[in-house]
Amino acid sequence: QVVGGKVKKPGKRGRKPAKIDLKAKLERSRQSARECRARKKLRYQYLEELVSSRERAICALREELEMYKQWCMAMDQGKIPSEIKALLTGEEQGKAQQNSTKLAKAAKTEANSSSP
C-alpha cells in the first residue's frame with residue numbers, strides 16, 4: 001500500500017513487543033513488591049505513632065479539664081483554689097512591674113524632651 005508517499009507493510013500496528021527475559025521480569029516484580037511492603041510498613045508505623053501521640057494529648061487535656069471542673073466546683077462553694085490565687089497574685093505582680101516600667105520609660109522620655 002502507498003499512503004501519503006510512504007509504503008506501508010500490512011500487519012500489526014504499534015510497537016513490537018520487546019524480547020524481555022522472563023526471569024528478569026519476575027525479579028523486577030518481586031523487587032517492586034518488596035518495596036511496596038516496606039513503604040506500607042513505614043506508613044503504618046507513622047500512623048501508629050501519630051495515633052499514640054494524639055491519645056496522649058487527649059489524656060492530658062482530659063486531666064486539665066477535670067482540674068478546671070474541680071476549681072469551678074470549689075469556687076461555687078465559695079472557696080478559691082490556691083492555684084488560682086497564685087495565678088492572680090502573679091498577674092497582679094506582673095501588671096505592677098509593667099506599670100512601673102512604663103512610668104520609668106515615660107519619665108525618661110519626658111526628661112529627654114525637656115533638656116535642650
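The values are calculated or read from the model by the stated rules, or taken from the named source; none is laboratory data. Keep in mind it's a predicted model, so treat the numbers as computed, not measured. With ideal geometry, Cβ positions are generated from the backbone for all residues, glycine too; neighbour counts draw on all protein chains shown. Each accessible area value is taken on the protein alone, full model and side chains, heavy atoms only, with ligands, DNA and RNA left out. Shrake-Rupley method; radii C 1.70, N 1.55, O 1.52, S 1.80 Å.
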**OP:** Report the residue count in region 60-89 for those that are modelled with pLDDT of 95 or more and open to solvent by less than 70 Å² (accessible area, probe 1.4 Å).
**Re:** 1
Subject >> Criterion (assigned to a helix (DSSP H, G or I) and out of contact with any helix residue (DSSP H, G or I) (no Cβ under 7 Å at 6 or more places or on another chain)) met by exactly one of Lys79, Lys69 >> reply: Lys69
**OP:** Kindly indicate whether any position in region 12-34 is at pLDDT 95 or above, in a helix (DSSP H, G or I) and open to solvent by 80 Å² or more (accessible area, probe 1.4 Å).
**Re:** yes
